[in-house]
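The values are calculated or read from the model by the stated rules, or taken from the named source; none is laboratory data. Predicted model, so just to flag it, every value in this text is computed and none were measured. Note: ideal-geometry Cβ built from the backbone for every residue, glycine included; neighbour counts use all protein chains shown.
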Amino acid sequence: MQHVGVQSLLKVHIKNKTYLGANGVETQALKDAELTLTENSFTVFFGPSGCGKSTLLRILAGLDSDYEGEVHWAHPPKVGMVFQEPRLLPWRTVKENILLSADPTFSEQDFSQLVEVMGLTEMVSHFPGELSLGLSRRVAIARAFASKPNLLLLDEPFVSLDAPTAARLRQLVRTLWVDNPITAVMVTHDMREAVELGEEVLLFTARPGSIHDRLTILPTDRTSEATIEAKRSEVKSLYPHLFET
Ligand SMILES: Nc1ncnc2c1ncn2[C@@H]1O[C@H](COP(=O)(O)OP(=O)(O)O)[C@@H](O)[C@H]1O
Ligand SMILES: [Mg+2]
């Protein structure tokens, strides 16, 4: 581990990440992907499907160490991850699922507050099989926050939800992130999600993925539906190829 400066949590340079498929075919997912994450920032990975966003997220999570390159942490990370599928244990209640990987300092009062914010209070004794996808995602997000991570990784957490549910959940994640100082990275291919939540948006090239540009999102970009849409259109006119999914 090397020192990476006071402000940075993480500095990454993945020179090469290649998958070897079962059929023997190699797929280079990442090539010279470089990024630095600032403490308590909210970064978005944006790019077309298959460009290596989830691959890079899994590397940051420590779930994949089969790559050429370097990942330098300023201090050991405590990672909370929300996958595209909620990955709840079906035989455990909502409460048990949330507490599964909870930090030892996570109190009963913290639990009550968290489920209140997430709108899950009525559901705590239910089982995952009784929940809609939107509610299951809320439980998965609550579980990640209960573990009190210093790095929260979200892989397309709002995909396949109906528009009002996705909007409500984005708002909840935004509230949780504002209330809890935490470094967050979210993968999305939806620019309006990126504008609503991100402070910095990293634009990926097509596969093999690397980061070819970064956008700064200002608070004024998300003051209203109109400003969000204006920012989305602006990015789309600058980078039309990133919007072909
Ligand atoms: N386990 C794997 N084995 C072989 N190829 C994979 C594997 N996981 C991902 N890939 C390939 O690597 C590329 C990047 O995948 P991924 O990181 O999931 O992209 P994204 O999240 O941007 O859609 C894709 O071409 C995908 O098919
Ligand atoms: Mg993905």
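Let's see how each residue does on (1) of a type in the set (S, T, N, Q); (2) modelled with pLDDT of 95 or more:
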{"site": "L9", "(1), (2)": "no, no"}
{"site": "I14", "(1), (2)": "no, yes"}
{"site": "Q28", "(1), (2)": "yes, yes"}
{"site": "D32", "(1), (2)": "no, yes"}
{"site": "P48", "(1), (2)": "no, no"}
{"site": "S54", "(1), (2)": "yes, yes"}
{"site": "S65", "(1), (2)": "yes, yes"}
{"site": "E68", "(1), (2)": "no, yes"}
{"site": "P76", "(1), (2)": "no, no"}
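Contact map, segment 20-42: residues that are on the phi > 0 side of the Ramachandran plot paired with residues that are part of a strand (DSSP E or B), Cβ distance under 7 Å, separation 6+ or inter-chain. Pairs shown: D32/K15; N40/T183.
I'd like to know if segment 221-238 contains one or more residues that are among the hydroxyl-bearing types (S, T, Y), more than 21 Å from R170 (Cβ to Cβ) and part of a helix (DSSP H, G or I). The answer is yes, given that some residue of segment 221-238 is among the hydroxyl-bearing types (S, T, Y), more than 21 Å from R170 (Cβ to Cβ) and part of a helix (DSSP H, G or I). Considering only segment 44-54, I want to know if a residue exists there that is farther than 19 Å from A194 by Cβ and assigned to a loop (DSSP other than H, G, I, E, B). Checked segment 44-54: no residue is farther than 19 Å from A194 by Cβ and assigned to a loop (DSSP other than H, G, I, E, B).
Restricting attention to segment 145-164, does a residue exist that is closer than 15 Å to L114 by Cα and among the hydroxyl-bearing types (S, T, Y)?
The answer is yes; a qualifying residue exists.
Applying a threshold of 7 Å to beta carbon distances and a minimum spacing of six or more residues, or different chains, the list of pairs starting in segment 209-221 at a residue that is loosely packed, with under 11 Cβ neighbours inside 10 Å and ending at one that is in a strand (DSSP E or B) reads T216/E200. Taking segment 42-65 as the range and being surrounded by fewer than 14 Cβ atoms within 10 Å (Cβ to Cβ), under 26 Å from N150 (Cβ atoms) and within 8 Å of ligand 1 (Cβ to nearest atom) as the test, no residue passes. Of all the listed residues (M123, M81), the sole one being crowded, with 16+ Cβ neighbours inside 10 Å, more than 16 Å from ligand 2 (Cβ to nearest atom) and among the aliphatic types (A, V, I, L, M) is M123. Restricting E39, E34 to those that are under 21 Å from V82 (Cα atoms), surrounded by 14 or more Cβ atoms within 10 Å (Cβ to Cβ), away from ligand 1 (no atom under 13 Å from the Cβ) and among the acidic types (D, E) reduces the list to E39. When you look at T121, is it modelled with pLDDT under 95 and over 13 Å from the mean Cα position of the chain (by Cα), yes or no? Considered against the rule, which asks whether it is modelled with pLDDT under 95 and over 13 Å from the mean Cα position of the chain (by Cα), T121 comes out as no.
Search segment 157-188 for residues being within 16 Å of ligand 2 (Cβ to nearest atom) and surrounded by 20 or more Cβ atoms within 10 Å (Cβ to Cβ), and hand back the single one that is farthest from N97 (Cα to Cα). Of everything passing the filter in segment 157-188, T188 is farthest from N97 (Cα to Cα).
Sub-7 Å Cβ pairs linking a first residue in segment 139-164 that is away from ligand 1 (no atom under 16 Å from the Cβ) to a second residue that is of a type in the set (G, A, S) and outside any loop (DSSP other than H, G, I, E, B), at least 6 apart or interchain, are A144/G80; F145/G80; S147/G80; P149/G80; L152/G80; L152/A144; L152/A184; L161/G134, ordered by first then second residue.
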